Amino acid sequence: MKEWLNSVYSDGSRYYVSNPLPDKGETIRISLRCIDNKEVKNVILRAKINGAEQLFTMKKDGIINGLVYYSCEVTVWEDEFRYQFYIVTDSEIFYYTQYRITDYVPDEIYDFCILTNYKQPEWVKKAVFYQIFPDRFCNGDKTNDVKNGEYQFEGHNTIHVDQWNEEPKEYSQVYGLDFYGGDLKGIQSKIPYLKELGVTALYINPIFKAATVHRYDCIDYFEIDEHLGGNQALAELSKALHDNGMKIILDISINHTGTAHKWFNKCGTFYPESVGAYHNKNANERSYYFFHDDNQYDTWFNVDTLPTLNYTNNELRDIVYRAKDSVIKKWLKEPYNIDGWRFDVADVMARNNKVQLHKEVWPEIRKSIRAEKEDAYIVGEDWSDCVEHLKGDEWDATMNYFACARPIREFAGEIDLFQQRKSELQFHLKKMTACNLKKRITQYLGKLPFVMQEVQFNLLDSHDVSRLHNNSIVSYEDYKTAVVLYFTLPGTPSIYYGDEAGIAGRIQDVEGCRYPMPWQGDMEKSIYYKLYQRVAELKTSKESLSYGGLQFISSDDYVLVYARCTDTEVLFVVASVDDEDRVIEIPYTYYGYTCFKQVVDLLGSQVDWSISQDKVLVNIPPHSNFLLELR
């Protein structure tokens with residue numbers, strides 16, 4: 001391939017599309033740029049309109065700082081306007097999609113895509129999220145703590161952990177009934193701490209009434225657990241967050257309830273046996289679940305305490321999300337006024353071997369949410385390729401394990417998070433190269449409309465996976481590289497509580513990632529805190545990290561280099577897990593630079609650089625990372 005092709009660039013941002021969020025019937029202008037050169041004779045935009053291929057010759061608009069811009073106008077009438085570019089020389093045609101440039105006609109999977117009538121939650125693009133597992137964050141009111149033996153669930157007593165800093169026991173010892181006492185008042189008391197860290201939004205794991213500490217086994221969707229402070233505590237927390245310019249989204253599982261839920265009520269612990277479906281075959285709620293003749297029932301992944309809900313039942317749909325007083329709508333309204341939902345196990349929601357309703361139910365849920373709050377953020381949990389749900393009519397984002405947490409953690413030295421779950425795959429493959437990391441990211445983002453890329457929920461750790469910094473094979477420098485990567489990819493980053501404190505933990509079980517927040521330590525002086533505070537500051541202050549495009553520059557050996565860029569700002573991200581010194585080249589003229597005096601690392605390291613033939617040469621030490629700016 002010719003080197004100048006590396007300068008060809010377009011995306012779906014406001015810098016290359018006159019209106020990235022058009023209405024149907026609107027005429028928009030689409031642009032492309034590349035380094036000025038004599039080889040390019042024409043640039044053609046190729047699209048399909050009403051099923052038929054159409055070609056638009058793009059006009060040469062002019063040259064700015066050595067970059068030539070081409071554009072054309074199109075009118076968008078369909079839900080999606082998909083297109084690619086043909087770069088024409090005297091003897092060749094090069095084809096440019098979101099994934100790559102080829103010298104052969106590509107398929108349409110990776111076409112650029114503009115959505116019509118999509119309402120993007122604009123606030124998410126500049127947000128820094130902080131995920132809180134409520135019981136383990138902060139105890140603000142000891143009077144509402146779960147007491148020892150307060151109730152039994154599945155034959156086991158509740159346990160009040162008296163010492164806040166006690167290490168969580170394995171599940172087989174406590175059965176998810178070990179309560180430390182964290183609550184919503186405790187979260188509210190730490191708002192100044194969160195603001196100082198640079199957090200602008202909270203994602204809180206389930207807080208609805210439930211039997212266990214994780215609370216994914218809901219007892220009542222309409223009540224906040226009294227051990228977290230009840231409904232009033234959520235109203236007060238939400239108001240306090242909004243008064244401080246912060247947002248809040250809640251976690252919910254509407255794929256299943258707990259067996260103690262009042263609709264089901266298997267155990268009779270919280271409601272008399274006359275209530276609910278399990279002991280009453282004529283109960284109306286019986287049809288909310290998948291019961292069999294022998295009183296057995298369908299569950300989420302064969303977990304006996306998590307019976308799945310049956311969305312063939314229209315009454316259930318009304319209660320959960322359609323009615324004005326439904327679960328989903330209630331918490332979006334005043335006085336709770338939450339800003340969005342994270343849906344647990346969204347990948348399996350409303351689908352099983354006999355019923356496949358997910359493509360019907362998810363658009364209904366979205367419509368219901370957006371009727372209540374137009375800029376509510378909708379996040380679905382899916383650990384794999386879920387592009388089918390990210391077309392503007394279902395979710396806004398996924399928990400981005402697939403193109404963020406999984407490949408980045410593997411780049412840092414771990415086994416892939418899914419491979420860890422299968423004994424035959426629990427071995428270390430050869431070290432992941434920068435090229436493979438790039439492919440893992442681009443193969444996914446290349447299929448997403450740009451306006452969806454901008455709001456993906458990027459993460460490194462969560463309540464479901466071990467913390468990367470607790471893995472002894474991962475050095476601090478490689479961990480720092482992983483943090484820099486996930487904070488600088490398109491989307492919104494989420495800090496899992498305590499990562500900024502270098503919180504203790506273990507990697508053998510899920511309880512190992514749910515240690516209590518170490519408030520007694522001097523966290524603000526730790527290298528972890530300073531790292532997260534700095535990248536959070538950069539995410540919220542640099543336009544290129546919130547609104548800019550993504551352009552990969554090189555992926556040689558074990559050093560990945562890419563740019564985040566607007567029309568006036570460019571940041572160059574360098575991520576190395578290489579064991580050797582390397583030299584990278586940044587073709588600065590491709591980004592509109594004609595002169596500069598400094599190459600500065602915004603993360604604070606000294607930069608060893610020189611210039612040769614319109615390129616910045618930067619020496620990259622082993623296991624290092626940079627966020628470079630040319631000044």
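The values are calculated or read from the model by the stated rules, or taken from the named source; none is laboratory data. Just so it is clear, the structure is predicted and the values come from calculations on it, not from any experiment. Positions of Cβ are generated from backbone atoms using ideal geometry, with glycine treated the same way; all protein chains shown enter the neighbour counts. Protein only, heavy atoms only, side chains kept; ligands, DNA and RNA dropped before computing areas. Shrake-Rupley method; radii C 1.70, N 1.55, O 1.52, S 1.80 Å.
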Accessible area per residue for the chain in Å², computed with a 1.4 Å probe and the full protein assembly in place, what is it? 39 Å²
Would you mind telling me the antiparallel percentage of the DSSP bridges in the chain, rounded to 5? 75 percent
Amide H contacts of Asp251 (H built 1.01 Å from N, under 5 Å, at least 5 apart or other chain): Ile204, Ile207, Arg342
Residue-wise HN-Hα coupling along the range 169-175, computed from phi with Karplus coefficients 6.51, -1.76, 1.60 (Hz; x: Gly, Pro): 7, 5, 4, 5, 9, 10, 6
Calculated log₁₀ intensity ratio I(q)/I(0) where the Debye formula runs over C-alpha points of the range 289-361, q = 0.13, 0.24 Å⁻¹: -0.47, -1.20
Estimated inter-spin distance, Val607 and Asp581, nm [label 7 Å along Cα→Cβ]: 1.9 nm
Would you mind checking the pairs Lys391/Lys438; Lys391/Lys430; Lys195/Lys367 and listing those with alpha carbons more than 30 angstrom apart? Lys391/Lys430; Lys195/Lys367
Can you give me the orientation-averaged projected area of the convex hull built on the Cα atoms of the range 271-404, in nm²? 9.6 nm²
Can you spot the lysines whose alpha carbon is less than 27 Å from Lys597's alpha carbon? Ignore those fewer than 8 places along the same chain. Lys539, Lys542, Lys615
Rounded to whole Å and sorted largest first, list the principal axis extents of the Cα atoms in the range 148-214. 43, 25, 19
Suppose each label sits 7 Å from its Cα in the direction of the beta carbon; what would the Asn65-Ser274 distance come out to in nanometres? 7.6 nm
Under a Cβ-Cβ cut-off of 11 Å, what is the net charge of the residues other than Asp416 that fall near it, where Lys and Arg count +1 and Asp and Glu count -1? +3
Read phi for every residue in the range 540-556 and hand back ³J(HN,Hα) as whole Hz from Karplus 6.51 cos²θ - 1.76 cosθ + 1.60, θ = phi - 60°, with x for Gly and Pro. 8, 10, 9, 4, 5, 7, 9, 10, x, x, 10, 9, 6, 9, 7, 8, 8
So between Glu108 and Ala52, what do we pick up on full extension, going 0.36 nm a residue minus the alpha carbon distance? 18.9 nm
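What Kirkwood Rh does the range 439-557 have if only Cα atoms enter the pairwise 1/r average? Answer in Å.
15.7 Å
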Report the charge-dipole magnitude of the chain in Debye, nearest 20, computed about the Cα centre from +1 at each Lys and Arg Cβ and -1 at each Asp and Glu Cβ. 1060 debye
Can you list the residues, at least 5 places off or on another chain, whose amide H is less than 5 Å from the amide H of Val345, using H built in the peptide plane? Glu381
Taking amide H positions as placed 1.01 Å from N in the peptide plane, with prolines and chain starts having none, which residues 5 or more places from Lys48, or on another chain, fall under 5 Å of its amide H? Gln54, Arg82
What number do you get for the range 5-49 when its Cα radius of gyration is normalised by 2.2 N^0.38 Å, N = residues? 1.35
Lysines within cross-link reach of Lys142: Cα-Cα under 17 Å, excluding same-chain residues under 8 positions apart? Lys185, Lys190
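By how many nm would the segment from Glu73 to Lys354 grow when fully extended, if each residue of separation counts as 0.36 nm and the alpha-carbon distance is taken off? It would help to have the intermediate numbers written out before the result.
On the way: separation 281, 0.36 × 281 = 101.16 nm, distance 4.69 nm.
Taking Glu73 through Lys354 to full extension adds about 96.5 nm, to one decimal.
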Per Stokes-Einstein, at 4 °C and 1.567 mPa s, what whole-number D in µm² s⁻¹ belongs to the chain, with the Kirkwood radius over Cα pairs as the hydrodynamic radius? 50 µm²/s
Residues of the range 290-332 with backbone N under 12 Å of the label point set 7 Å from the Cα of Glu364 along Cα→Cβ are 310-323
With r defined as the distance between the Cβ atoms of Ser423 and Asp509 and R0 fixed at 22 Å, what FRET efficiency is calculated, to the nearest 0.05? 0.90
Considering only the other residues whose Cβ falls under 14 Å of the Cβ of Thr269, what net charge follows from Lys and Arg at +1 and Asp and Glu at -1? -2
Over all directions, average the projected area of the Cα convex hull of the range 35-96 and note it in nm². 4.8 nm²
Proximal charge balance of Leu627 [Cβ under 10 Å; K/R count +1, D/E count -1]: +1
So if I place +1 on the C-beta of Lys and Arg and -1 on the C-beta of Asp and Glu, and nothing else carries charge, what would the dipole magnitude of the range 351-393 be about its Cα centre? I want it in debye, nearest 20. 200 debye
Once label points are set 7 Å from the Cα along Cα→Cβ at both Asn295 and Asn37, what is their separation, rounded to one decimal in nm? 7.5 nm
Candidate aspartates and glutamates - alpha carbon under 12 Å from Lys60, same-chain residues fewer than 8 apart omitted: Asp36
